[in-house]
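What follows is one structure encoded as structure tokens, with my remarks underneath.
The values are calculated or read from the model by the stated rules, or taken from the named source; none is laboratory data. Just so it is clear, the structure is predicted and the values come from calculations on it, not from any experiment. Neighbour counts are summed over all protein chains in view; Cβ atoms, including those assigned to glycine, are modelled from backbone coordinates with ideal geometry.
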Amino acid sequence: MPDKLLIFTDLHIESDGRSIIGLDPLARFEEGLTHALAHHEDAQALVLLGDLTHHGKRDQYARLQKALSSNRLPLYATLGNHDSAKNFVQTFPDQVDTDGFAQHAFDLGPLRVLILDTHDHQGAVQQHAGWLCERRLRWLDIQLALAGQRPLLVACHHPPFATGFDGMDAINLINGDALLMRLRDYPGPLHLLCGHIHRTISGHAGGVAFTTLKSPCHQMPMILGPGSSALSVDEPGAYGIALATNAGLVIHTEDFAIAGATQEDPLSG
Ligand SMILES: [Fe+2]
């Protein structure tokens, strides 16, 4: 059996009684997490890829913590533009390093996994955009050197590339070239996984293959070009499943809100 990772991004947990375009983010996350844990009992870890809350409030992190009480998997969480590092660490002190960054490095079978914190801790760039400071880039350099040539999955909230959604591209990882340059120069197989856009996208940028995942709650409408980053649409929520195989890495997305009962067609091979 391949080694397996469950990934949720852009949970946007709200305060009690509040919704986003009529959707309850907490209920959507709980539905997705229940589905993921029930269908993937062999998963080895759970990753939360930022925008854990909608406003970074203490009560929102407390609601997330309660929702995670059913999870027994090792948890690796990082931050997005909607998060507050100060309030996150109050609720999840074991999720930050000694510098206060929510970054992680761990093994998933043959795969090395690096999770980068692209939250703008210092207010270095415009609101909602991402930033990797020198300390985090130095951590990345060390982790890339330690990984040697092992297969690598690098995950972070803000994509370091444009996606065609102009409003979102204006608030992506502002110093994304610093990340892409490092990843492109890595001597082993590598894949980049991001959140932020609320849409499943794949491709390559700056010589680096990437995937972005949907939110379990609200999604980015398929309106390419000019448009606000605040646009949202009620489409089925999803989570990601990463499989580390002997041949490499496979990333699935599961639209849990429309997953039906499994049936067998006797005429199909
Ligand atoms: Fe988000």
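Observations
- For I251, the test of being of a type in the set (V, I, T), more than 16 Å from the ligand (Cβ to nearest atom) and over 17 Å from V47 (Cβ atoms) is failed.
- So P216, is it within 16 Å of the ligand (Cβ to nearest atom), outside any strand (DSSP E or B), touching a Phe, Trp or Tyr at 6+ places or on another chain (Cβ under 7 Å) and not hydroxyl-bearing (S, T, Y): yes
- Residues that are polar (S, T, N, Q), in contact (Cβ under 8 Å) with a residue 12 or more places away in the chain, out of contact with any Gly (no Cβ under 7 Å at 6 or more places or on another chain) and surrounded by fewer than 14 Cβ atoms within 10 Å (Cβ to Cβ), drawn from the stretch 119-156: Q126, Q127
- Among residues of the stretch 183-201 being surrounded by fewer than 19 Cβ atoms within 10 Å (Cβ to Cβ) and in contact (Cβ under 8 Å) with a residue 40 or more places away in the chain, the one that is farthest from the ligand (Cβ to nearest atom) is G188.
- Pick from the stretch 220-269, criterion in contact with a Gly (Cβ under 8 Å, 6 or more places away or on another chain) and in a strand (DSSP E or B), ranking: surrounded by the fewest Cβ atoms within 10 Å (Cβ to Cβ): G225
- Checked against the criterion of being farther than 24 Å from A27 by Cβ and either more than 19 Å from the chain's Cα centre (by Cα) or of a type in the set (S, T, N, Q) (or both), the stretch 68-86 contains one or more residues that satisfy it.
- Single residue of the stretch 202-219 satisfying the filter (closer than 22 Å to D24 by Cβ and over 12 Å from the mean Cα position of the chain (by Cα)) that is surrounded by the most Cβ atoms within 10 Å (Cβ to Cβ): C217
- Tally, over the stretch 11-60, of residues that are of a type in the set (A, V, I, L, M, F, W, C), surrounded by fewer than 16 Cβ atoms within 10 Å (Cβ to Cβ) and within 26 Å of P74 (Cβ to Cβ): 2
- When the criteria are applied in full, Q103 meets the requirement of being farther than 19 Å from K214 by Cβ, buried (at least 21 other Cβ atoms within 10 Å of the Cβ) and either at pLDDT 95 or above or within 13 Å of the ligand (Cβ to nearest atom) (or both).
- Among the residues making up the stretch 90-126, a single one is hydroxyl-bearing (S, T, Y) and under 23 Å from N172 (Cα atoms): T118.
- Close pairs (9 angstrom Cβ cut-off, 6 or more residues apart or separate chains): in contact (Cβ under 8 Å) with a residue 60 or more places away in the chain in the stretch 99-116, buried (at least 22 other Cβ atoms within 10 Å of the Cβ) and of a type in the set (S, T, Y) anywhere: I115/T78; L116/T78
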